[in-house]
Amino acid sequence: MELLIPRSEYIKYKVNRGGMSKNKKLERFISWKTPAGRNMFSIHKIDERIRIAVRFLLDKNFLITGTELDEEYCEKFGKFTGAKVISNYTSSIISNPHNKEYFEPEVLFVTNVDENRNAIQEANINRIPVLAFCNTNSDVSGVDLIIPLNTSNKYAIGLSLWLILNEMRKLKKEKKIPLEEFMRKE
């Protein structure tokens, strides 16, 4: 199957660049190791998981929670998809109806599994499926759908969100959002 974007674009945005250590549960997504010891994700596996994520999220009421690193891209993603966005998740947003920010999503989407552990735990308690971006060394417990990618690079996260967004728009027969409009120029 043809990739969503050229292989060189995945490499340019460092989407497949993992960490020096790895979680055994993520080995199936790692295709090689650099001479310096850095684990590298399979670009084909990333692409495949992005396609699965699109079907997982399509026509669902979902919450995306990110970090300070990717806040800008989460906001843009939320604007175009209609998803609720929370940059710094605080406890009880999806579990306490008395919380003023309470939201009951069908899916929780986190951009960094390690920094959003409390959101994942609450989603698990409330039986809300969890889709998460995970690096080579991430703790994937409680995650229903893993998308392997470099979670320490905001451009890798931004490009991945843009890919998910445009695949969702394609399935809905909506106009594609240009990368230049979604990604900040620096």
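We did not get these values from a lab; they are worked out from the coordinates using the rules stated. In this text, all values refer to a predicted model and were calculated from it rather than measured experimentally. Every residue, glycine among them, receives a Cβ derived from its backbone with ideal geometry; neighbour counts consider all protein chains shown.
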Mind listing just one residue for me: the one in the range 72-91 that is within 15 Å of the chain's Cα centre (by Cα) and β-branched (Val, Ile, Thr) and, of those, nearest to Leu171 (Cα to Cα)? Thr81
Taking the conditions exactly as written (touching a strand residue (DSSP E or B) at 6+ places or on another chain (Cβ under 6 Å) and surrounded by fewer than 23 Cβ atoms within 10 Å (Cβ to Cβ)), does Glu75 satisfy them or not? yes
Identify the residue in the range 107-146 that is of a type in the set (S, T, N, Q) and not in a loop (DSSP other than H, G, I, E, B) and, among all such residues, is farthest from Gly37 (Cα to Cα). Asn124
Residues in the range 163-181: is at least one under 16 Å from the mean Cα position of the chain (by Cα), in a loop (DSSP other than H, G, I, E, B) and buried (at least 17 other Cβ atoms within 10 Å of the Cβ)? no
Across the range 2-35, which residue is farthest from the chain's Cα centre (by Cα) among those that are free of Cβ contacts under 8 Å to residues at least 12 places away in the same chain and not in a helix (DSSP H, G or I)? Pro35
Scope the range 146-186; condition more than 17 Å from Glu9 (Cα to Cα) and among the basic types (Lys, Arg); matching residues: Arg169, Lys170, Lys172, Lys173, Lys175, Lys176
